[in-house]
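The values are calculated or read from the model by the stated rules, or taken from the named source; none is laboratory data. Small disclaimer: the values here were computed from a predicted structure and weren't measured. Because the Cβ atoms are built from the backbone with ideal geometry, glycine has one as well, and the counts that use them run over all protein chains shown. Surface accessibility is based on the protein's heavy atoms, side chains included, excluding ligands, DNA and RNA. Shrake-Rupley method; radii C 1.70, N 1.55, O 1.52, S 1.80 Å.
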Amino acid sequence: MAQVRNAVIVGGNRIPFGKAGGAYAAVSNQDMLTAALDGLIARFGLAGQRVGEVAGGAVLKHSRDFNLVRETVLGSALDPTTPAYDLQQACGTGLEAVIQVANKIQLGQIDSAIAGGVDSASDAPIAVGEGLRRALLRANHAKTALQRAQAFASIRPGDLAPETPRNSEPRTGLSMGEHQARTAKEWGITREAQDELAAASHHNMARAWDEGFFDDLVTPYRRQSKDQGLRADTSVEKLAKLSPVFGKGEGATMTAGNSTPLSDGAALVLVASEEWAAERNLPVLARFVDAEVAAVDYVGGEEGLLMAPAYAVPRLLARQGLTLQDFDFYEIHEAFASTVLSTLAAWESPEFATERLGLDAPLGSIDRSRLNVNGSSLAAGHPFAATGGRIVASLAKMLSEKGSGSRGLISICAAGGQGVVAILEAV
C-alpha cells in the first residue's frame, strides 16, 4: 500500500456567479459545469488528457442529470476515458468533493482529480403532483391500449398542480433563513453587525476584482465577466434601509442585503500529487491538510440549523494540534451575515465551550482582518454546490501569495444541520 503523500491544489476555475433568473436563466447545470471545466482544462493544458477522476454535484438537480458530472466530462475537452461521479452534501458539496479526491490522491489511488460543483436556482426542477406521477407510471407500464387509457382517465384536475421547489427543511418546514433568524436572535447578533459584515464582503470582493485577483480564477461566460450580484457601491447606510425578510417583529434583523441571494454558477478545483504537477510544470499553490464534517440535531435538539461548523472546527483543530488563532486566513461561508457572526460568537463563548463542546475554554476570537479578505458569498452569490470550489481555489491562491507555511481555515455550513470544514497550507 502506498504511503500517505501530499495532495496539492494546483488551481481552480469558475464562471462568474449569476443572479437567479439573471444572465444564466436559460442555461442548465451541465452547461455551466462544462463551461467551468473547459475553462480549467484550457488554463492548465489538460485538453485530451485523462485525469484520475472528476467529482462534483448539484443540489438542485433534474432527473435527467442523474449522471451529471460524467456527462459533463463527455462534453468537455478531457479524454473521454476520465471517470466521474456525482455526490451531494447540500452547500458542502463542493468542499466534500475536494475532500474525497484529496484523500484518494493522498493514498496513491489516483494522481490527479478535478472537484467542485454547480447549481442553478433559475433552472430548478419542478416535479408533477403525486397523483399525476403515479398515473403516468401506470400508463408507461400498461400492456394494452385500454390499460393506458384507464391510467390517463384516473387523472383528476387536482393532480395537475406541480410541486414547486421549496427552500425549506423537510423536517421543520422552515426556510434556511427562518432557521437562521432564530439562531441570530439566540446569539444576539445585531442588525448593525450584519450590515457591516455584508458591506465589507462587497467592498473586499470589488477590490479583489479591481486588483486582478480573480483574473486566473474565473472564465467569462455568457457575456458575464464579474459576479452579477456584486455591489461595489453598497454601504452600511444603504443596507440599513432594507426591510427584514426573515424573522418576525421588531427583533427581526435579516434582510435581502445581509442574506445571500439565490444564485447560478459553477466552480472547480484541480487537485494532484506534487509529482503529477511537477511533471507538467504546473503550479502548486497549497496542500490539503485535513478536513472534518459535523452535524447537529436542529430538529429535536437545541442547536441552530447552520451551526455545525462550530462543532466541526474544534475537532479538526484538536486533531491537528492547532488553535483557532493559528491561521493567516479564515474563509467562513456567508450563508447569511448572521451565520458567520453566530459561529464566531459560539467560538468565543465560555458557556458554549463547556456545555456544548465539552472543552475547558473557548476557542477564542480571530483577527477579523483575516476573515473573507477577498469577499465571500454575500458578494459573489451562493450557487450551493459551487461554493466549495470557489472558496478552495481562492484560498489556495491567497496562501500561495502569502508564502510557504501560511495556513487557511475553511468553514461551510450546509442544509440538514451539517458543516464541512478544512485546512489548507501553502507549500
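The residue that is nearest to the chain's Cα centre (by Cα), among those in the range 262-273 that are more than 21 Å from Asp31 (Cα to Cα) and not β-branched (Val, Ile, Thr), is Ala272. Output the residues belonging to the range 381-414 that are of a type in the set (Val, Ile, Thr), in a strand (DSSP E or B) and touching a Gly at 6+ places or on another chain (Cβ under 7 Å). Result: Ile412, single match. I'm checking my understanding of the structure. Among residues of the range 293-313 that are touching a strand residue (DSSP E or B) at 6+ places or on another chain (Cβ under 6 Å), open to solvent by 30 Å² or more (accessible area, probe 1.4 Å) and not small (Gly, Ala, Ser), which one is farthest from Leu359 (Cα to Cα)? Filtering the range 293-313 for residues that are touching a strand residue (DSSP E or B) at 6+ places or on another chain (Cβ under 6 Å), open to solvent by 30 Å² or more (accessible area, probe 1.4 Å) and not small (Gly, Ala, Ser), the one farthest from Leu359 (Cα to Cα) comes out as Val293.
Listed here are the helices (runs of 4 or more DSSP H) enclosed by the range 295-380 that have at least 1 residues being modelled with pLDDT of 95 or more, of a type in the set (Val, Ile, Thr) and closer than 23 Å to Glu96 by Cβ: 309-320, 337-348.
Of all residues being over 30 Å from Asp297 (Cα atoms) and part of a loop (DSSP other than H, G, I, E, B) in the range 134-182, which is farthest from the chain's Cα centre (by Cα)? Just the residue, please.
Checking each candidate, the answer is Thr144.
Residues that are in contact with a strand residue (DSSP E or B) (Cβ under 8 Å, 6 or more places away or on another chain) and within 17 Å of Trp187 (Cβ to Cβ) within the range 241-266 comprise Pro244, Phe246, Gly247, Ala252, Thr253, Met254, Asn258, Ser259, listed in sequence order.
Can you find even one residue in the range 250-263 that is within 19 Å of Ser394 (Cα to Cα) and open to solvent by less than 60 Å² (accessible area, probe 1.4 Å)?
Within the range 250-263 (the criterion being within 19 Å of Ser394 (Cα to Cα) and open to solvent by less than 60 Å² (accessible area, probe 1.4 Å)), the answer is yes, since at least one residue qualifies.
When the range 73-114 is examined, which residues are found to be more than 30 Å from Thr339 (Cβ to Cβ), open to solvent by less than 30 Å² (accessible area, probe 1.4 Å) and either in contact with a His (Cβ under 7 Å, 6 or more places away or on another chain) or among the small types (Gly, Ala, Ser) (or both)? Residues satisfying the conditions are Ser76, Ala84, Ser112.
Looking at Leu68, is it touching a residue at least 12 places away in the same chain (Cβ under 8 Å), crowded, with 18+ Cβ neighbours inside 10 Å and either touching a Lys or Arg at 6+ places or on another chain (Cβ under 8 Å) or farther than 11 Å from Val118 by Cα (or both)? For Leu68, the condition - touching a residue at least 12 places away in the same chain (Cβ under 8 Å), crowded, with 18+ Cβ neighbours inside 10 Å and either touching a Lys or Arg at 6+ places or on another chain (Cβ under 8 Å) or farther than 11 Å from Val118 by Cα (or both) - is met. Tally time: how many residues in the range 208-223 are touching a residue at least 12 places away in the same chain (Cβ under 8 Å) and open to solvent by 30 Å² or more (accessible area, probe 1.4 Å)? Number satisfying all stated conditions: 6. For the range 283-325, taking the residues that are farther than 20 Å from Val8 by Cα and acidic (Asp, Glu), the one that is farthest from the chain's Cα centre (by Cα) is identified as Glu302.
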